[in-house]
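The values are calculated or read from the model by the stated rules, or taken from the named source; none is laboratory data. Since we're looking at a predicted model, the values are computed, not measured. Note: ideal-geometry Cβ built from the backbone for every residue, glycine included; neighbour counts use all protein chains shown.
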Amino acid sequence: MRPSFTLSCTAALLALGLPGHASATTPAAPLPLTLAQATSVAAAAQACAATPMAIAVVNADGQTLLLQRGDGVGHHNLEAARRKAYTAASTRRPTLELARQAAAQPDTRNLAALPELLLLGGGHPLAEAGTVLGAIGVAGGGGPEPDDRCAAAGAQSLRTVR
């Protein structure tokens with residue numbers, strides 16, 4: 001293809017507002033979640049709690065980046081935290097919201113039958129500019145509402161970490 005023809009086509013597409021070749025105005029995709037960020041988010045969630053908790057952070061694909069269990073926290077809470085994080089990353093919604101929706105809507109109730117999902121408060125997506133980078137899950141904080149509050153605090157802290 002002749003260079004002048006390619007340049008003319010690209011200019012025409014840009015003038016019409018249609019995607020052509022990559023331009024300098026295309027926003028960059030957010031960087032993947034790092035272990036340092038996962039650690040910081042987990043620390044913010046734990047700081048919210050009155051007692052030690054189990055905390056998990058996963059990336060956007062649901063792969064575990066961090067798992068920690070506070071002293072005296074039951075070992076089953078570690079798996080619960082991981083599954084809450086996985087659920088929040090997969091559905092891109094807080095798990096307490098999903099749990100309440102499932103209780104109110106029979107169609108949503110079927111989500112609980114999927115092996116990895118856990119519809120219980122304590123999972124929040126970690127997002128930047130509308131893109132889910134991962135999720136945090138917490139368990140052992142005294143119930144769905146306290147777990148949700150601490151997961152939300154962790155998710156909120158991501159904005160100050162970046």
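Here's the yes/no breakdown for (1) more than 15 Å from S40 (Cα to Cα); (2) touching a helix residue (DSSP H, G or I) at 6+ places or on another chain (Cβ under 7 Å):
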| position | (1), (2) |
| --- | --- |
| G122 | yes, yes |
| T131 | yes, no |
| A135 | no, yes |
| A151 | no, yes |
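The condition (being acidic (D, E), over 13 Å from G154 (Cα atoms), in contact (Cβ under 8 Å) with a residue 24 or more places away in the chain and not in a strand (DSSP E or B)) is satisfied by just one residue among E116, E97, E79: E116.
Of the candidates V138, V57, V41, the single residue that is in contact with a Lys or Arg (Cβ under 9 Å, 6 or more places away or on another chain) and at pLDDT 95 or above is V138. Out of curiosity, is R82 at positive phi and at pLDDT 95 or above? No. Spot the failing condition for G130; the list is (1) under 14 Å from T87 (Cα atoms); (2) without any contact (Cβ under 8 Å) to a residue 12 or more places away in the chain, and only one is missed. Condition (1) is where G130 drops out.
Would a scan of segment 105-124 turn up a residue that is crowded, with 20+ Cβ neighbours inside 10 Å, within 11 Å of the chain's Cα centre (by Cα) and at pLDDT 95 or above? Checked segment 105-124: at least one residue is crowded, with 20+ Cβ neighbours inside 10 Å, within 11 Å of the chain's Cα centre (by Cα) and at pLDDT 95 or above. Among residues of segment 128-151 being surrounded by fewer than 24 Cβ atoms within 10 Å (Cβ to Cβ) and of a type in the set (G, A, S), the one that is farthest from the chain's Cα centre (by Cα) is G142. Total residues in segment 27-43 satisfying the condition of being within 17 Å of the chain's Cα centre (by Cα) and surrounded by fewer than 21 Cβ atoms within 10 Å (Cβ to Cβ): the figure is 10. Picking from residues in segment 55-68 that are free of Cβ contacts under 8 Å to residues at least 40 places away in the same chain and surrounded by 17 or more Cβ atoms within 10 Å (Cβ to Cβ), the one that is farthest from L133 (Cα to Cα) is Q68.
Taking the conditions (1) surrounded by 14 or more Cβ atoms within 10 Å (Cβ to Cβ); (2) modelled with pLDDT under 95; (3) of a type in the set (G, A, S) in turn, A24 satisfies each one other than (1). I need the full set of residues from segment 70-128 which are over 17 Å from L33 (Cβ atoms) and of a type in the set (K, R), in order please. Of everything in segment 70-128, those that are over 17 Å from L33 (Cβ atoms) and of a type in the set (K, R) turn out to be R83, R93, R100, R109. Please go through segment 52-85 and pick out each residue that is over 11 Å from I136 (Cβ atoms) and under 13 Å from the mean Cα position of the chain (by Cα). N59, A60, D61, G62, Q63, T64, R83 - these are the residues of segment 52-85 that are over 11 Å from I136 (Cβ atoms) and under 13 Å from the mean Cα position of the chain (by Cα). Filtering segment 93-104 to residues that are under 20 Å from the mean Cα position of the chain (by Cα) and either within 16 Å of C150 (Cα to Cα) or loosely packed, with under 14 Cβ neighbours inside 10 Å (or both) leaves R93, P94, T95, L96, E97.
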